[in-house]
1. Return the distance in nm (one decimal) between the two label points of a simple spin-label model at ASP105 and ARG245, each offset 7 Å from Cα along Cα→Cβ.
2. Determine the calculated [θ] at 222 nm for the chain from helices alone, applying -39500 (n - 2.57) to every DSSP H run no shorter than 4 residues and normalising by the residue count; nearest 500 deg cm²/dmol.
3. Just how large is the dipole of segment 251-391 about the Cα centre, in debye to the nearest 20, putting +1 at every Lys and Arg Cβ and -1 at every Asp and Glu Cβ?
4. Does anyone have the angle between helix 250-261 and the longest principal axis of the chain? Alpha-carbon axes, 0 to 90°, nearest 10?
5. Which one, ALA88, ALA234, ALA226, has the greatest fluctuation when you compute a Gaussian network model over the chain with C-alpha springs under 10 angstrom?
6. Per residue and in cubic angstrom, what volume does the convex hull of the Cα atoms of the chain have?
7. Could you list, in their original order, any pairs among LYS100/LYS124; LYS100/LYS256; LYS189/LYS305 whose Cα atoms are separated by more than 30 Å?
8. Using the Cα centre of segment 237-402 as origin and beta-carbon charges of +1 (Lys, Arg) and -1 (Asp, Glu), tell me which of VAL258, PRO326, ASN372 is placed farthest towards the positive end of the dipole.
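No value in this document is a laboratory result; all are computed from the given coordinates. Bear in mind the structure is a predicted one, so any value in this text is a computation, not a measurement. Please note: Cβ atoms are built from the backbone with ideal geometry, for glycine as well, and neighbour counts cover all protein chains shown.
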Amino acid sequence: MTMALGVVAALAVLGGCGGSSGGSPPAQNGSGSGSGSGSGGQNATPRGTPTVFNWNYPAYTAPDAWVWNLPPHMPPPRVPADNPMNEAKVALGRYLFYDKRMSGDGTLSCGGCHEQARAFADGKDRPTGITGQKHPRNAMGLGNVAYHATQTWANPSLLTLERQIPNPVFGTEPVEMGVNDGNVDQVMKRLAGAKDVDYATRFAQAFPDAQGDPITWEHALKAISAFERTFITADSRYDRYLQGRDTLSAQELHGKQVFEQAQCSACHAAPNFDDQFMSAQTTSLVVRYHNIGLYNLEGRGAYPKDNSGAEEITGNPADMGAFRVPSLRNVAVTGPYMHDGSVATLEEAVRIMAGGGRNVESGRNKGDGRANPFKDPLVQDRGLSDQDVADLLAFLHTLTDERFLKDPAFSDPFATQKQ
Ligand code: HEC
Ligand code: HEC
């Protein structure tokens, strides 16, 4: 991940270079190992040990009186002290999330790769940025994104939404929205000059304490983050079942049982069906990345070059192919699947996970991932019958939250000019 220099300077205020309360890493527990040094070191076993981050969080007091409207099984998320929620900010963030003027050439918004009807994934294996460059990774859904201890598929240093946004906006490897030193000021001027949205008033209302011109990058990124924090998905049939407001069929209930017995829930744990759930109540969390045996190039356990996972950031060879556990909420609509979108259907994804990995039989990425030496031992052939797989799929479909996919509060305010 690389950015132009002037842009990085403009972002220092957001903690982009490490510093503000929005982005400083939590304290590490003594026994945990930080980035770069696998716990036990690389010599403990021939292959080393994957990096484990053992994080403590300070006690939390919400910086605002925002009402989250959550069911009892979902605690509220954490909000950074320097970016409290308010209605005007969330409303501004909604415009900016869908505004193509936010990209270097005015052609692509966040919404261009994150569509509400797909739980904010995009239906493509890998998206294309404004210069035509393909992203190495699949665009992830953004449901319950406020609860992720780290953002993106494999970056343990992106701790907040405020810190994540500069990637798509200013990133040069790959280029997504293509804002750079040459057009960084122009983008804010474009917003100030917009005829269809009164951004001057909206920014001023969202940031009432701001000195000077409120239309700044810092405020824009904070407003988008506040909007994303409202992407709560907790009203699926599964959630309603937990609250006694709906029932699950015998097949769905058996699927839930298979999901638990096959140890899927060891990594895809409730309430968010992932293993990096951080809420207002979280005080410590073990953050892990996992190799699930999708590839095994030349029998060395390697993954394709542009997508080696957490290893890219930690430098620990044992983190080869290690990715964050994706949330399975709304998973029926977020395909294609896996970090590189290389799995087309949900059934195929389930069969890979329940079969102990994937054997790529031919082509450039040939190799039996099931025998990947870095694979997490929890990913095994579970010997499921076709009926078990069908039931498991039926259960996963109960995680679709129709209200979230259609809620007008998350929709595109420029709806007529389709993104
Ligand atoms: C060109 C397509 C594209 C655009 C435009 C784009 N994204 Fe993304 N987004 C992605 C991809 C691909 C990933 C996964 C990145 C990775 O893992 O390295 C991602 C990941 C994310 C994540 C991490 C989610 C998680 O669960 O960790 C967030 C948050 C996000 N994007 C928000 C945004 C916002 C806000 C914007 C607009 C400022 C935006 N994206 C624009 C493609 C895009
Ligand atoms: C060791 C932890 C672990 C276990 C156990 C596990 N998963 Fe996963 N799962 C992951 C990770 C990590 C990924 C993403 C891997 C990647 O993209 O390289 C994933 C991806 C998936 C996906 C694709 C989701 C998406 O949005 O791309 C599905 C579906 C899934 N798992 C279902 C299951 C099922 C069903 C089981 C039980 C049979 C299971 N998983 C067991 C860690 C695990």
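1. 4.5 nm
2. -7000 deg cm²/dmol
3. 220 debye
4. Around 80 degrees separate the two axes.
5. Fluctuation is largest for ALA88.
6. 144 Å³
7. Over 30 Å Cα-Cα: LYS100/LYS256; LYS189/LYS305.
8. Of the candidates, ASN372 comes out farthest on the positive side.
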